[in-house]
Amino acid sequence: MVHLKELSGEERILQSRFQDAIYTAQMKNQPKFIGFLDIRQQEILKAVSAANTFTSWQLYGGFPEAERKVAGFFPSYMDTDELQSDFFPVLSFTAHFREQDKLSHRDFLGSLMGLRISREMIGDILVGNGLAVFFALEKAAPILLDEFVKVGRIGVTLSQGAQDLDKLRPKQIVLTGTVSSNRLDAVVAFLTRLSREKAQGMIRQELVKVDGQVRVDVAGQVKAPSLLSIRGYGKYAVRAFNGISKKGRLHIEAGHYQ
């Protein structure tokens, strides 16, 4: 949970940007967009919107499983449930390269940032064998199409549009079972198949993030849906807690990103 009074530095600035965007939508009746947000920033957005009782906002990252998303703030006369995805200033791009040239997410991000493109302008980057799809703000398109020809020393061919996206979309292994409660240590122990004691140790060592924020409160609650990142084990989506078992334990449904 985000406590707005505890924000500082860049997060406090981001809070002000969200408030300005809400003002633009409410008082000037104009839609406003803020570039790609990470999970933590999206949680701040939710807290700011709730504090301002503002509900006319949406997040969009180019495809349903996207982690980084653009925030849209809309006047009350616009029905956010009816908005088409192409209303957002988000474009997709496909880069082709030789399969023997093994490139990573980090390689692509470094080369994109080297084009004087800010992190806020770049969304998810999905990389496979000889193929990568990534998302960016419309205003980055001229630079990308003219100048993005290499990743490191490897030549790439860039085109607009998401080709073969289904091959690259993140997949999840479904995990179901029961936990004693929705305490963070119990959930981490279930996801990693570790003992409760070892799960508590990982949490105290700041190896666990919930919705982009490091959590050290072993007894704190996990709400569904939530995204957990556990260093050394990967990323998990806690989808739901579904009632109580006959033995008084809590049913949990989650997914492990592959």
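The values are calculated or read from the model by the stated rules, or taken from the named source; none is laboratory data. From a predicted model like this one, the values you see are computed outputs, not experimental measurements. Because the Cβ atoms are built from the backbone with ideal geometry, glycine has one as well, and the counts that use them run over all protein chains shown. Quick note on the areas: whole protein, heavy atoms, side chains included, nothing else; ligands and nucleic acids left out. Shrake-Rupley method; radii C 1.70, N 1.55, O 1.52, S 1.80 Å.
Looking across region 127-157, the residues that are more than 15 Å from E99 (Cα to Cα) and part of a strand (DSSP E or B) come down to F134, F135, A136, L137.
Output the residues belonging to region 44-74 that are farther than 29 Å from G255 by Cα, among the hydrophobic types (A, V, I, L, M, F, W, C) and open to solvent by 10 Å² or more (accessible area, probe 1.4 Å). Show your work before the answer.
Looking only at region 44-74, we keep the residues that are farther than 29 Å from G255 by Cα, and these are 51-54, 56, 73-74.
From what is left, the residues that are among the hydrophobic types (A, V, I, L, M, F, W, C) are 51, 54, 73-74.
Hits for region 44-74 are A51, F54.
Within region 36-50, residues that are closer than 16 Å to V214 by Cβ sit with their Cβ atoms under 8 Å from residues that are part of a helix (DSSP H, G or I) and open to solvent by less than 30 Å² (accessible area, probe 1.4 Å), at 6+ positions apart or across chains, in these pairs: Q41/L14; I44/L14; I44/Q15; I44/F18.
Given the criteria assigned to a strand (DSSP E or B), in contact (Cβ under 8 Å) with a residue 40 or more places away in the chain, buried (at least 16 other Cβ atoms within 10 Å of the Cβ) and not basic (K, R), does D124 qualify? In short, yes.
Do the conditions hold for D211, that is, is it closer than 30 Å to S245 by Cα, of a type outside the set (V, I, T) and surrounded by 15 or more Cβ atoms within 10 Å (Cβ to Cβ)?
Criteria met by D211.
May I ask you to list the residues in region 142-152 that are modelled with pLDDT of 95 or more and surrounded by fewer than 15 Cβ atoms within 10 Å (Cβ to Cβ)?
Once the filter is applied, which keeps residues that are modelled with pLDDT of 95 or more and surrounded by fewer than 15 Cβ atoms within 10 Å (Cβ to Cβ), region 142-152 yields P142, L145, D146, E147, V149, K150.
Name the residues in region 22-42 that are charged (D, E, K, R) and touching a strand residue (DSSP E or B) at 6+ places or on another chain (Cβ under 8 Å), would you? Correct list: K32, R40. The condition of being among the charged types (D, E, K, R) and open to solvent by less than 50 Å² (accessible area, probe 1.4 Å) holds for only one of D164, D101, that being D101. Among the conditions (1) touching a Ser or Thr at 6+ places or on another chain (Cβ under 9 Å); (2) closer than 25 Å to Q172 by Cα, the only one that F36 does not satisfy is (1). For region 179-199, give me the residue count where each residue is more than 14 Å from A224 (Cβ to Cβ), open to solvent by 10 Å² or more (accessible area, probe 1.4 Å) and either under 22 Å from the mean Cα position of the chain (by Cα) or small (G, A, S) (or both). Looking only at that region, the number is 4.
Checking region 241-257 against the condition returns no match, with no residue being surrounded by fewer than 15 Cβ atoms within 10 Å (Cβ to Cβ) and under 28 Å from L126 (Cα atoms). Whenever a residue of region 78-104 is more than 20 Å from F135 (Cα to Cα), its partners that are open to solvent by less than 100 Å² (accessible area, probe 1.4 Å) and of a type in the set (F, W, Y), lying with C-beta atoms within less than 7 angstrom and at least six residues away or across chains, give the pairs T80/F74.
Considering region 75-98, the residues that are among the polar types (S, T, N, Q) and over 29 Å from R153 (Cβ atoms) include one that is surrounded by the most Cβ atoms within 10 Å (Cβ to Cβ), namely T80. Take the residues in region 1-41 that are closer than 22 Å to Q84 by Cβ and open to solvent by 20 Å² or more (accessible area, probe 1.4 Å), then tell me which one is nearest to the chain's Cα centre (by Cα). Out of the qualifying residues, it is F33.
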